[in-house]
Each structure stands twice: as structure tokens, then as C-alpha cells.
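The structure appears right after this line, and notes come after that.
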Amino acid sequence: MRSKSDRADLAASPPRFVYFDLDDTLLDHSAAEREALRDVALELLGLGNDSPIIEQLQHAYHDRNRDLWADYAARRITKDELRRKRFEHIADTFATAATWTELDSFYMNRYADHWRPVDGALSLFEWVADRYPVGIITNGFASTQHAKLDRFPMIREVSRAVIISEEVGHLKPDRRLFLHAEQAAGERGDSILYVGDSLRSDVEGALAAGWRAAWFTEREVPVGLAANVFAFRKWREFQQYLAG
């Protein structure tokens, strides 16, 4: 998706460390979320296999969860309040007798059941790890993110650093999280490449910290995207980019 000059720039100054995002970059968080919410609709709420209603539930959860994570990042609410409020919203919207704790517990169990890698991502991650020091930077609750790494142990085994926002006290795109990761890598920011799917949290966060970024996206790349950002849709494109 980018020009030959991108590869030339990389060849002239290759990264000394490559960090990856976890959710929706290496692991398919969005698919796991959708499937877990479908399970909630069918098995806990008794909504039936009605696609429009299930989609309504998925949108209601996603929109509320996004807003609550913004509040959590700004320290306006706690982790426990986030978990409670997102499922109280579902309980109120769909008039269920299930409590928010029942919804939360059921959802989290089913969410874990549906964890899968993004197609091609883990083999690419291992390929990169054979050539560069690699690490993980991820937003999310520590217990959940550690459980994912336990499920896919190769990620942790080859990583030089694993940075989880809750353990640091700052969430992407906060520059302080990237500076913490920079210290863990033991490299200057301008020699670190960060690979992620979120334009705001991953790409803009990395650039604000003085890093380079690779954007894994299905979206149309905006005109004027920074020159030190490589945008790609398929992992083979990123592999070709690193291989020069």
C-alpha cells in the first residue's frame, strides 16, 4: 500500500526493536467479542437466532464499551465500574432478569472460548522475532491479557518485553506508556517500529513518542499519512516491507 521509497528508507535505517499490539493485530479480539455476545444473546438473554437483534446487542455493547474505556483511560471511572456499567447497560436495554455480574461472567468465559489468532499473524510474528528483538504493547486488563498470552505461549516466549497498560498505569496513546516501553526495549524511540491496527492508539501514539509505525488496516489510507508510517492490509505485505 506504500511506495518503494518506504522500503528504501527502512533499508537505510532498519528498526532495532519491533513492538506489536495484541488485540486485532495478532489476536482477533473483534471476532471473539462478536461471537461471545452472540452466545450471550442466544443462551443467556434468550433473544433467539434473530440477526438484527443480535447485531443490536453487539452494537449496544461495543458503543457503550468504547465510551467507558475512554472514561477509564481518563481516570473518570475504575476498572470495576467499567465492567459493571457496560453490562448494566445491556441488562437495561434488553430488559433481562440476569444481573450484570452474571452477564459479565458469562461473557468473559465465552470471550475466552473464542480467542483465535488473526490469519497469518503469529507465523509473521515468529518470523520477525527471528530477525529483530520483538515485544508486545497492549491496552486491557492485565488478567485477561496474561490469559491470552498463556493461551498462545509463543508470543511471550519470543518477546523481549511485554507491556500491559494496567500494569504501567497508562493506556495507549498516552506517551508515557510508549516511553516506558522504550526503556524496556533499551532502544531510542526513533529506532523502534510499532505495529498495530488502531490509527489513534497505535499509530498516532507511536508517532507522538518519536517512534515509527506500521498500520494494519482494512481502511482507506488517509491522504497525508506520515511518511514514517507503513500501511498494509495483509501480513505478507508487512513481511515484504521488513525484508526490503
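The values are calculated or read from the model by the stated rules, or taken from the named source; none is laboratory data. Everything numeric in this text was worked out from a predicted model, so none of it was measured. With ideal geometry, Cβ positions are generated from the backbone for all residues, glycine too; neighbour counts draw on all protein chains shown.
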Out of everything in region 200-244 that is charged (D, E, K, R), out of contact with any strand residue (DSSP E or B) (no Cβ under 8 Å at 6 or more places or on another chain) and assigned to a helix (DSSP H, G or I), what residue ends up being surrounded by the fewest Cβ atoms within 10 Å (Cβ to Cβ)? ARG200
Is there any pair linking a residue in region 205-222 that is in the same structural domain as LEU22 (by TED's automatic domain parsing) to one that is surrounded by 24 or more Cβ atoms within 10 Å (Cβ to Cβ) and of a type in the set (Asp, Glu), with Cβ under 7 Å and at least six apart or on different chains, and which? ALA213/ASP202
Within region 169-189, residues in a helix (DSSP H, G or I) and either at pLDDT below 95 or in contact with a His (Cβ under 8 Å, 6 or more places away or on another chain) (or both) come out as ARG176, LEU177, HIS180
Residue selected from region 54-80 under the condition over 19 Å from THR99 (Cα atoms) and among the acidic types (Asp, Glu), by the criterion surrounded by the fewest Cβ atoms within 10 Å (Cβ to Cβ): ASP63
Tell me, yes or no, whether region 38-52 has at least one residue that is part of a helix (DSSP H, G or I), of a type in the set (Ser, Thr, Tyr), free of Cβ contacts under 8 Å to residues at least 40 places away in the same chain and farther than 28 Å from PRO173 by Cα. yes
Inspect region 131-145 for any residue being touching a residue at least 12 places away in the same chain (Cβ under 8 Å), assigned to a helix (DSSP H, G or I) and touching a strand residue (DSSP E or B) at 6+ places or on another chain (Cβ under 9 Å) and give the result as yes or no. yes
When every residue in region 1-53 that is loosely packed, with under 14 Cβ neighbours inside 10 Å and among the acidic types (Asp, Glu) is compared, the one modelled with the highest pLDDT is GLU43
If a residue must be farther than 23 Å from ARG66 by Cβ and at pLDDT below 95, how many such residues does region 191-224 contain? 2
Identify all residues within region 77-97 that are among the hydrophobic types (A, V, I, L, M, F, W, C), under 23 Å from the mean Cα position of the chain (by Cα) and assigned to a loop (DSSP other than H, G, I, E, B); write none if there are none. ILE77
Result of the Cβ filter at 9 Å on region 78-102, keeping first residues that are outside the structural domain of HIS170 (by TED's automatic domain parsing) and closer than 14 Å to ASP67 by Cβ and partners that are surrounded by 14 or more Cβ atoms within 10 Å (Cβ to Cβ) and of a type in the set (Val, Ile, Thr), at least 6 apart or interchain, is LYS85/ILE77; ILE90/VAL40; ILE90/THR96
